[in-house]
Structure formats: C-alpha cells, structure tokens
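First the structure, in the form of structure tokens, and then the observations on it.
Every number here is computed from the coordinates shown, using simple stated rules; none is lab data. None of these values were measured; they are calculated from a predicted model. Reconstructed Cβ throughout: ideal geometry from the backbone, glycine too, with neighbour counts over all protein chains shown.
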Amino acid sequence: MRPTGIRNSAILEVLYGSGIRVSELCGLDLLDVDRERSLIRVLGKGNRQRTVPLSDPARRAVDAWLLRRAEWVTASSGQAVFLGSRGGRLDPRVARRVVHEAMRAIPQAPDIGPHGLRHAMATHLLEGGADLRSVQEMLGHASLATTQIYTHVTNERLKQVFRQAHPRA
C-alpha cells in the first residue's frame, strides 16, 4: 500500500478510535503518542491537555503509518505525526477530505465528517456501558451538559430495544 493510503487509514482509525477533534489530530507530535500503552496526549480547546486511550486498531494503524512516515519527512515536518504529501504538518482540511472521501467510498453510508466519527465513537461507548463522565473526559468537554447530547441517541436506542423485546411495550 502507498504511504497515502496507510496515512489515511491511520487518520480514520485515530479519529474514530479515540474521538479526538480533527484539529487535535493534526496537532499531534511524535512525543504525544505512547504506542506501548496505547495512549495519546492531546492539546484541546482552551489549551487544556488530556490523555486519551487509543483503540487497538488505531494503534496498529499509527504504527503502520509511522513506519512509512519517513518517506515524506522534510525539513518542515518537525515532530508532526501526520504529514501532508509535501512533508509539512497535515492540514485539517485535508483530514476532513480524507474522511468524506472514505465515507463516499462506502455504498449507502451517510456523508459524515470527522465530527461524525467523534459522535459515533461517543455513542458507541455509551451504548456499550461507558459512564458519561469517562466519555466527557475522553472528548475533552468542559461541561457534562455538552456530553449529554450523546445520551439522546442511546436513549432512543433503548426505547427501540424495549419496544422490540418487551411483551407489553
């Protein structure tokens, strides 16, 4: 696979597998990635720093990208994890385009962007039993009320399951 495909796969996996914002992804430096412990250190809104777990598929994708990253490194690369094809730090517009193109390649998939992957990750965590405070911390929300928007989707899912499974629903 070409470096572009490996990088793009890592972008998709990290966005969904960690729930970070696209600006946070583009701001990642090599020292921010703890591959051994599957953690990334993120500088979020308001210059607040947080540590976010990285899913196993995302860690493997990052590992694969870092093996090929050297092919694109230039003097302007610095410590950026994700690079553009000319060697500079990845532009957020490019990351957004990667997500939209990947979604268009899937038949009947909705056209979601990076925020859609973040939303899906949070919803899947809550549906899987994660507590709201943990999801708040992972997403870097200052307010629990911001995170609570994701519970609406899970509540709708609970109602659907209830209606399907309960004999008196």
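Given contacts defined as C-alpha pairs under 8 Å and at least six residues apart, what's the relative contact order of the chain, whole-number percent? Numbers along the way, then the final one.
Details: 222 pairs, mean separation 38.9, N = 169.
23 percent.
How far is it, in nm, from the label point at GLN164 to the one at ARG86 when both lie 7 Å from their Cα along the line to the Cβ?
5.0 nm
Give me the net charge of SER23's neighbourhood, meaning all other residues with Cβ under 12 Å from the Cβ of SER23; Lys, Arg count +1, Asp, Glu -1.
Local charge sum for SER23: +4.
Sum up the charges of everything whose Cβ sits under 12 Å from the Cβ of GLY113, counting Lys and Arg as +1 and Asp and Glu as -1, but leave GLY113 out. Could you put the intermediate results ahead of the total?
Details: positive: ARG21, ARG93, ARG96, ARG97, ARG104, ARG118; negative: GLU101, ASP111.
Cβ neighbours under 12 Å give a net charge of +4.
In whole Å, what is the distance between the alpha-carbon centres of the stretch 13-54 and the stretch 63-137?
10 Å
Just how many % of Cα pairs in the stretch 63-135 lie over 13 Å apart, if you round to the nearest whole percent?
Numbers: 1911 of 2628 pairs.
Here the long-distance tail beyond 13 Å is 73 percent of all Cα pairs in the stretch 63-135.
Across every pair of different alpha-carbon atoms, what Kirkwood hydrodynamic radius in Å does the chain reach?
On the way: mean 1/r = 0.0587 Å⁻¹.
For the chain, inverting the mean 1/r across all distinct Cα pairs yields 17.0 Å.
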